[in-house]
C-alpha cells in the first residue's frame, strides 16, 4: 500500500469513514477508567441529567474519532504526530448502540516553517450518528511527511 | 461540588499525578490510536518523540480522570459538611489543546486546573460558564500538556 504524504491532503473534502458501532459495554468501560461521572455510568442518574440518558464521555468520543482516522487513512499516512487540537465541540450525546460516521475535511495544508521537510495538515472532522446528527466537531493539525521524505516518517 | 458563585478566576487545584507505564500507553493505543510510535519502543525511538510515547488522547483522558476524582472528593467533603452539592452540567467542548512535549513511558505527569474566565449564560440563566486551563507537568517540571476546558456550572439558588 502506498504511503499517503502531505501532497495527498489538498484542502477540501477528504472522505467519510466508518461506520463504527459503539457498545454500551465500551461506554461503561471507558467511563469507569477515565470519566466516572454518573451520566456516563449510571442509567438512572443519567436519565436525570441534562443529557437525559446514558451517554459516552466526550473524551471517549474523541478517542474513537482518533481511531476512525487511524483506520480510515492515518494508519497508512506518513503521520509524525500532532501538536494539539484547536477546538473540540461536543454537540450531542454519544449513545450506546450508535453507529458513527466520520466526515473528514482538510481545512488547510501548509509546509512547516521550522521543519520544511514536514507538512502540517489541519483537519476538520465531524462524527455523526446514523440519523446524521453531528455529535462532535474537531479541528486539529497533524504533521505529515512530504513526498520523497516519507521514509523518514516511517523510520527508515 | 461548588456552585458558580463559589468559584473565582485564579482558583487553582492540584489534581494529583499519574505515571504512564509502557503497559498503559500500549493498552490505550491499541484501542484508540494504533500508530507505531504509540505501540512499539523501537518505533518510538525512531520517531520525532524519541521514545515510546503516550497518545495525546490518553494524556487528555487521564487529565479528565484526575479532574473527576478531584471533583468527586470535593463533593464528598461538601456533603459531609452538610452543604448542598452542585451538580455540574456536561461540557460543550474545549479549545487550545496543546501536546507541548511527548509523554514517554515512565513519565509521571502532575495535573492542575486553574480558572481563567467566568460568565453567566444568556440562554440558560440558571447556569454559569467556567473556563479553566488544565495543565500537565512532567517529573522534570516541564509543561507537557495544556487545554482550555469549558464547563456549565449551576448558579446558587437556581434549582437542581
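A few comments on the model shown:
- Diffusion coefficient (Stokes-Einstein, Kirkwood radius over C-alpha pairs, 25 °C, 0.890 mPa s) for region B:45-124: 154 µm²/s, rounded to a whole number.
- Taking the C-alpha atoms of the protein assembly as shown, convex hull volume expressed per residue in Å³: 141 Å³
- Computed over the protein assembly as shown, the per-residue total of -39500 (n - 2.57) for DSSP H runs of n ≥ 4 gives a 222 nm mean residue ellipticity of -8000 deg cm²/dmol, rounded to 500.
- Against the main long axis of the alpha-carbon atoms of chain A, helix A:24-34 sits at an angle near 80°.
- Peptide-level mean, for A:50-57, of C-beta atoms on other protein chains within 10 Å: 2
- C-alpha long axis of helix B:22-32 to longest principal axis of chain B, angle in °: 70 degrees
- Annotation: the residues B:142, A:25, sorted from fewest to most other C-beta atoms within 10 Å of their own C-beta, follow the order A:25, B:142.
- Using the alpha carbons alone, the radius of gyration of region B:3-160 stands to its Kirkwood radius in an Rg to Rh ratio of 1.05.
- 0 to 90° range, to nearest 10: angle between helix B:56-80 axis and chain B longest Cα axis: 30 degrees
- Shielding by other protein chains, A:35-41, mean Cβ within 10 Å: 4
- Overall Cα dimensions of chain A, principal axis frame, Å, largest first: 56, 29, 29
- Spacing of the modelled spin labels on residue B:114 and residue A:32, each 7 Å from Cα toward Cβ, amounts to 3.7 nm.
- Once the C-beta distance of residue A:48 and residue A:7 is scaled by a Förster radius of 51 Å, the resulting FRET efficiency is 0.50 to the nearest 0.05.
- Centroid-to-centroid separation of region A:40-55 and region B:126-156 [C-alpha atoms, Å]: 24 Å
- Residues B:30, A:139, B:130, B:62, sorted so that the one with the fewest Cβ neighbours within 10 Å comes first: B:30, A:139, B:130, B:62
- A Förster radius of 35 Å, combined with the Cβ-Cβ distance separating residue A:99 from residue B:17, puts the computed FRET efficiency at roughly 0.40.
- Relative contact order [Cα under 8 Å, 6+ residues apart], chain A, whole percent: 30 percent
No lab work stands behind these numbers, since they all come straight from the coordinates. In this text, all values refer to a predicted model and were calculated from it rather than measured experimentally. Positions of Cβ are backbone-derived with ideal geometry, glycine not excepted, and every protein chain shown enters the neighbour counts.
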